[in-house]
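Comments concern the structure below.
No lab work stands behind these numbers, since they all come straight from the coordinates. Predicted model only: the values in this text are computed from it and were never measured. Cβ: placed from backbone, ideal geometry, glycine included. Neighbour counts: every protein chain shown.
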Amino acid sequence: MNNNNKRTVLEAFSIIFILYLMLFSNSCANTSTPPSGGPKDTIPPVLLLTTPPSGTVNFPVENRKNNSISLTFNEYVVLKDIQENLYLSPPQEKFPKTKIKGKSVIVTFEEPLDSNTTYSLDFGQGIVDNNEGNVFHNYVYSFSTGKVIDSLYASGNVVDAKTMLPQKGVTVLFYKSDADSAVFNSRPDASAKTDEWGYFTVRNLKPDKYHVYAISDINKNNKYDPSSESIAFLDSVFSPTAIMSPDSLALKNYDMKDTLACLARPSELHLSLFTENATKQFIRSSERTAERAMYIKFTAPDAEVKSLQIEGIDSSKIIKQFNILKDSLSLWINDDSKIADTLNLFIDYMATDDSLSILVPKIDTLEMIKPKEKKSLNKRGKAVVVKDTSVVYDITATPSTIEQEGITLDFNYPLSIAPFDSISISYLTPQQQEMDSKFTVTQDSTDIKKYIIKLKDALVTGYEYTLKIPKNTFYDINGLPADSLVKKFKLPSDDNLSTLTLDITNIEGYYVVELINEKRDKVIRKYSVNKECKLDFPYLKANKYSIRITEDKNDNGIIDTGDVLKKKQPEKVILVKIGKGSGDKSFLLDLPAKTELEQTINIGELFK
């Protein structure tokens, strides 16, 4: 073999060896875990093609097989919670059918489309890539079965009427019909869903007049069901004027985590979601909770009871108490004699006649059966009946609110003997001198089992106060005595605490002023006011707070709900803009430590 042949063979062996190493190393790499390293994919899928193109007119309706659209992406995608994310406006009775085919999403309409109608298909966050779950954000596909694409839009937000918190997943409905029953019986002419910020954009509207509603739509039929759903409505007819364009901030796709961008979106409609009171009146449920206690629940508020009797019980021995809405009636028997295990309760009240839909007198007989006695195992392992041997009650004396709210005694049962002049309150000065304090006792106007004790003189920081209740002072309707009690309390002494004072001006009528936490799910302090005044909120920790004010028209201390058919909105609730930020941040008061802050609130201007 000459040198040239040797060189050729050597080169061939070298190439074969390199190929062998490459194949071997790849094989080794694939036999265990996939290769690691490299940046994580954070890029959402890219839409390459829509078939037919978005914005198509004369969309095919004759051939059912062509009533579908296709979205093709640059990578494989999957559908995520598509029943929650996909939304067709105007909606159909049947939900569109979806499937994945290669790198495409196919949407098929399950029933014929209306003629001369512009549709928009919002995918929400229902399309994500197959590997990392990156979201293809809020894409909307539009088409028309007529010759033109309707090009107007409306934007706004939906909040809870009581908390003012944004409501996600609410369906906003636009109707051209003037019929009051449309929201109950018909699907809308255009609609949209709210996002995490309670924000919505209803697209492809006609230059027409619309009645606007929002519903929680629990059963997803795009109609209002008053028995289970909440609703909001616009007081007046709305005519859209905004024209859809690529520059419209309301129409752009947003990352829901981008707080500043989401809050900066324009909003022309504001809807407050509320739950209507039931209209049909009858007894929903009743129960005997103890030997001498029972309740009756009605389906609607303002129940009217004409008479009530319990078989074998003197009517003068029956204690009655409605709750503030008058949709629940509590009953107690103030009689120390033996009570039968089964009682017949006869109630004459105003109930709804289904055939006439009016209130008519009705007499119901309710069987009240004594509940089974509670048992526990004693030391020998034998089951014995557990019975209360003394009055059960809670006592609340919160240092930060005791000046405003006083001390509350909340009993499980009404008292039959309550000599409050037998209790005492004293205080210990820093010089260890014990002095008596004068106080008042008031029975709560809405709960006869609750009493409020307030000191007549101002509490002094640094003094320790002691409430003493002697044994057997109180007796409840069960004939049980109260044990003795000693409760010590004093004002907060933390130097880091702050005070907020609200100067309420220009007020006519009744209002409820609340200091609430940042999440708006907890009331820190609450006042009811009907005249100009200064409200003090002392002993506050450094934190973020909001001020919520409710127009309490009937001075009942609660937010009265609305009525759709009567065109009655719920009592108005407003968050006071107090911070320097934008959006929700403008409603936050960032209170530092060791601060005395005063804020003026012009009620008349606020509720103008």
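Structural remarks
- One decimal place: the segment Asp353-Gln433 gains 21.9 nm when fully extended, by the rule 0.36 nm per residue minus the C-alpha distance.
- Close amide-amide hydrogen proximity is noted between Lys209 and no other residue 5 or more places distant or on a separate chain, at a cut-off under 5 Å (H modeled in the peptide plane; Pro and chain starts excluded).
- To the nearest ten degrees, helix 3-30 and the longest principal axis of the Cα atoms of the chain are 20 degrees apart.
- Ranked Ile313, Ile215, criterion: other C-beta atoms within 10 Å, fewest first: Ile313, Ile215
- Which of Leu329, Leu359, Leu366 has the fewest Cβ neighbours within 10 Å, and the rest in rising order: Leu359, Leu366, Leu329
- DSSP assigns beta bridges within the chain; of those with both partners inside it, close to 90 percent run antiparallel.
- Backbone amide hydrogens, once placed in the peptide plane, bring Leu269 within less than 5 Å of Ser155, Gly156, Asn157, excluding anything fewer than 5 places away on its chain.
- For region 556-608, the square roots of the Cα gyration tensor eigenvalues, ordered a ≥ b ≥ c, give a/c of at least 1.5 with a/b greater than b/c, which places it in the prolate category.
- For Glu518, Glu229, the sequence from fewest to most other C-beta atoms within 10 Å is Glu518, Glu229.
- Shape category assigned to region 43-149 from the gyration tensor of Cα positions, a/c cut at 1.5: prolate
- Cα pair distances exceeding 16 angstrom across region 469-568, given as percent: 72 percent
- Ellipticity at 222 nm from helices only: DSSP H runs of n ≥ 4 in the chain, each -39500 (n - 2.57), divided by the residue count, give -2000 deg cm²/dmol.
- Sequence-distant contacts, meaning Cα pairs under 8 Å at least 6 residues apart, place the relative contact order of the chain at 8 percent.
- Electrostatic bookkeeping for Lys370 treats Lys and Arg as +1 and Asp and Glu as -1; over the other residues with beta carbon under 13 Å from its beta carbon, the sum is 0.
- Under 16 Å from a label point set 7 Å out along the Cα-to-Cβ vector of Asp178, the amide N atoms of region 228-253 belong to 236-239.
- Length added when fully stretched, Asn602-Glu111, from 0.36 nm per residue minus Cα-Cα: 171.3 nm
- The packing ranking of peptides 282-293, 45-56, highest mean first, is 282-293, 45-56, where packing means the average number of other beta carbon atoms within 10 angstrom of each residue.
- Cβ-defined net charge surrounding Asn131, 12 Å radius [Lys, Arg +1; Asp, Glu -1]: -3
- Contact order relative to length of region 393-489, as percent, for alpha carbon pairs under 8 angstrom and 6 or more apart: 30 percent
- Long-range HN-HN contacts of Leu173 with modeled amide H, under 5 Å: Tyr213, Ala214, Ile215
- Around Val386: net Lys/Arg minus Asp/Glu count, Cβ-Cβ under 11 Å: +1
- Take every Cα pair under 8 Å whose residues are at least 6 apart in sequence, average their separation, divide by the length of region 541-595, and the relative contact order is 43 percent.
- A Cα-only calculation for region 283-369 places Rg and Dmax at 13.2, 45 Å.
- Label-to-label distance, nm, for residues given as Glu84 and Thr499 (7 Å Cα→Cβ offset): 4.8 nm
- Gain in span if fully extended, Ser422 to Ser70, counting 0.36 nm per residue against the direct Cα distance: 118.5 nm
- The chain - convex hull of alpha carbons, volume per residue in Å³: 337 Å³
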